[in-house]
Number of protein chains: 2
Amino acid sequence: MGVTKSHEFGVKENQLAKYAKALAHPARVAILNLLAKRKACICGDIVDELPLSQSTVSQHLKELKEAGLIKGDIEGAKVCYCIDEKEWKAAQVQLNKFFDNLQSGAKCC
Amino acid sequence: MGVTKSHEFGVKENQLAKYAKALAHPARVAILNLLAKRKACICGDIVDELPLSQSTVSQHLKELKEAGLIKGDIEGAKVCYCIDEKEWKAAQVQLNKFFDNLQSGAKCC
DNA sequence: AAAATTAATCGTAATATCACGATATAATTA
DNA sequence: TAATTATATCGTGATATTACGATTAATTTT
């Protein structure tokens with residue numbers, strides 16, 4: 001982002017932005033859909049499902065993990081990724097709270 | 001994003017990613033909070049509330065407008081920004097559908 | 001009409017993101 | 001043990017984002 005001023009904003013705004021950022025690319029949305037529907041969770045299978053290289057998928061998985069939305073379990077040579085249900089629900093609740101804040105009534109313009 | 005492959009993904013994934021991207025910066029979250037709570041809607045007032053320059057705020061407003069979440073009404077020399085309630089609710093519904101897709105039950109890892 | 005206010009846009013610098021191939025590392029199989 | 005398989009990481013190029021000051025264009029005020 002180039003010299004971002006994230007630190008000038010509150011914890012809540014940053015937390016919400018962090019979740020949103022994790023969802024801000026269709027590949028990551030697609031990955032989360034696969035995990036959510038348990039159609040695939042082994043890294044290699046996810047790679048097979050997407051039109052991206054192994055290294056790119058690995059990078060997206062890393063971002064999702066850093067946002068806290070998924071976790072990776074090492075199973076021998078393979079890695080099984082799963083949605084972190086607790087964080088997942090926390091993200092949903094936080095996003096909903098944000099959207100519910102819309103105050104209807106007298107329009108200002 | 002450099003040579004992004006968004007087009008390789010479905011309309012739904014891209015739509016969701018578009019909304020998420022709009023929320024992916026704390027400044028835009030802050031702006032939406034101001035609009036939602038009707039604390040400010042005149043561009044200049046929004047600028048006064050944020051630790052960013054006028055041109056930067058204007059750029060963020062443009063992105064929110066392009067995502068469809070807000071609209072701007074010209075009022076003489078000033079511009080009043082408002083949340084587009086229809087699109088706002090559409091975004092909330094779509095995000096919720098996405099989060100609700102999580103299938104619980106037997107863990108895969 | 002001239003000066004001031006308001007907001008968008010332009011140009012640009014710094015940094016982040018996306019994507020890939022190549023390589024490294026670790027586990028499995030032959 | 002050697003070869004194979006699975007995944008992460010490194011290095012890099014292309015593009016996007018964030019931020020700002022300066023400028024522009026349009027209104028409003030003086």
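No value in this document is a laboratory result; all are computed from the given coordinates. These numbers come from a predicted model, not from an experiment. Using ideal geometry, Cβ is built from the backbone for each residue, glycine included, and neighbour counts are taken over all protein chains shown.
General remarks:
- Averaged over B:9-17, number of beta-carbon atoms from partner chains that fall within 10 Å: 6
- Based on Cα contacts under 8 Å between residues 6+ apart, segment B:10-92 shows a relative contact order of 28 percent.
- The Kirkwood radius of the protein assembly as shown, taken over pairs of alpha-carbon atoms, gives through the Stokes-Einstein law at 4 °C and 1.567 mPa s a diffusion coefficient of 70 µm² s⁻¹.
- Inverting the pair-averaged 1/r between distinct Cα atoms of segment B:36-109 gives 14.5 Å as its Kirkwood hydrodynamic radius.
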